[in-house]
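This report refers to the structure that appears directly beneath it.
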Amino acid sequence: MTPEERLNRMRAVEGRVPEDVVTSFRRRTVDSNEPPWRAIGRVNIGGRAHCSGALVGDRLVLTAAHCLYSKAGQTMVVPGIVHFVSGYSKGEYRAHSRVLSYFVPSGFDGTLGADKRNLPHDWAILKLADPIGQQEGFLELHENFRGSAAHKGPLLATPEVIAAGYPGDRAHILSLEEGCSIRNALYGNRVLLTDCLSLKGDSGGPILQKIEGSDTYVIIGVQTASTKVGRTQASMGVSALAFRDRLNLALSESR
């Protein structure tokens, strides 16, 4: 029985989705043909697993480091088996490219899993073979995270954020976790605790904020793990402060 079939059965009995069911079916789905959503896609690993990711340059994709770690082989996967598909929806897509190489920070240790020592380092930048960002567009970092100078004042003017991804229970359509907020910033603001619901498959998807008075969405972080605060579902993410310098370097090298 598929996740959707199980959910429909529960709805038939309850008339609604039970509150204690961890599912993405409460989320809003979006049209992956439209900007900015077409810059978000699936990071497919060897045809056996997937994460989410976002174009951040013509050839660059931001995702989570643990997506590239093979538990079976206890090593990072070779780039050749990683493939990025942008604007993916129900088997169709707008563009795709194989991955030539990727960068993972030296502090990341796949054997530690979601251990707190890994949290600030669980991000990766993929370099694509094809410049698909030229046609699909790409997402930029929030202005507070651009440049290398330390940002003064609050991390963000407002804590409200949106998480986007391809969760395992609806792996073939992009959905948004909306109406959630940053609850805490840890490790020198490099790790974010949010009350967004994150499921397997969401990892690597962008944490976004919409610029007030516009239709522009900007990246403030990357989804990495689900957690709980008491009995409440929550999630962890890596703040853009953790990867902005490396991303700026990668962008300058790709020009």
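Summary table below
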{"read-out": "Members of the range 197-220 found to be closer than 12 Å to Ala164 by Cα, in contact (Cβ under 8 Å) with a residue 40 or more places away in the chain and not aliphatic (A, V, I, L, M), listed by number", "value": "Gly201, Asp202, Ser203, Gly204, Gly205, Pro206, Gln209, Tyr217"}
{"read-out": "Index of the failed condition, Glu212 passing every other in (1) modelled with pLDDT of 95 or more; (2) part of a loop (DSSP other than H, G, I, E, B)", "value": "(1)"}
{"read-out": "Strands (runs of 3 or more DSSP E) contained in the range 70-139 and holding at least 3 residues surrounded by fewer than 21 Cβ atoms within 10 Å (Cβ to Cβ)", "value": "95-103"}
{"read-out": "Breaking point among (1) in a loop (DSSP other than H, G, I, E, B); (2) free of Cβ contacts under 8 Å to residues at least 40 places away in the same chain; (3) farther than 24 Å from His121 by Cβ, for Asp58", "value": "(2)"}
{"read-out": "Residue that is nearest to Asp115 (Cα to Cα) [pool: residues in the range 212-228 that are in contact with a strand residue (DSSP E or B) (Cβ under 7 Å, 6 or more places away or on another chain) and not polar (S, T, N, Q)]", "value": "Ala225"}
{"read-out": "Unique match (being modelled with pLDDT of 85 or more and either of a type in the set (Val, Ile, Thr) or in contact with a strand residue (DSSP E or B) (Cβ under 6 Å, 6 or more places away or on another chain) (or both)) among Gly46, Gly73, Gly57, Gly53", "value": "Gly53"}
{"read-out": "Total residues in the range 176-207, condition out of contact with any His (no Cβ under 7 Å at 6 or more places or on another chain), part of a loop (DSSP other than H, G, I, E, B) and within 18 Å of Ala64 (Cα to Cα)", "value": "11"}
{"read-out": "Any pair with Cβ under 7 angstrom, 6 or more apart, that starts in the range 105-134 at a residue that is touching a residue at least 12 places away in the same chain (Cβ under 8 Å) and ends at one that is surrounded by fewer than 23 Cβ atoms within 10 Å (Cβ to Cβ) and of a type in the set (Asp, Glu)", "value": "Asn118/Asp109; Pro131/Asp58; Gly133/Asp58; Gln134/Asp58"}
{"read-out": "Flag for Leu249 being of a type outside the set (Val, Ile, Thr), within 14 Å of the chain's Cα centre (by Cα) and more than 30 Å from Glu92 (Cβ to Cβ)", "value": "no"}
{"read-out": "So Tyr166, is it out of contact with any strand residue (DSSP E or B) (no Cβ under 8 Å at 6 or more places or on another chain), hydroxyl-bearing (Ser, Thr, Tyr) and surrounded by 15 or more Cβ atoms within 10 Å (Cβ to Cβ)", "value": "no"}
{"read-out": "Residue within the range 144-151 that is at pLDDT below 95 and in a helix (DSSP H, G or I) present", "value": "yes"}
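The values are calculated or read from the model by the stated rules, or taken from the named source; none is laboratory data. The structure displayed is predicted, hence computed values, not measured ones. Because the Cβ atoms are built from the backbone with ideal geometry, glycine has one as well, and the counts that use them run over all protein chains shown.
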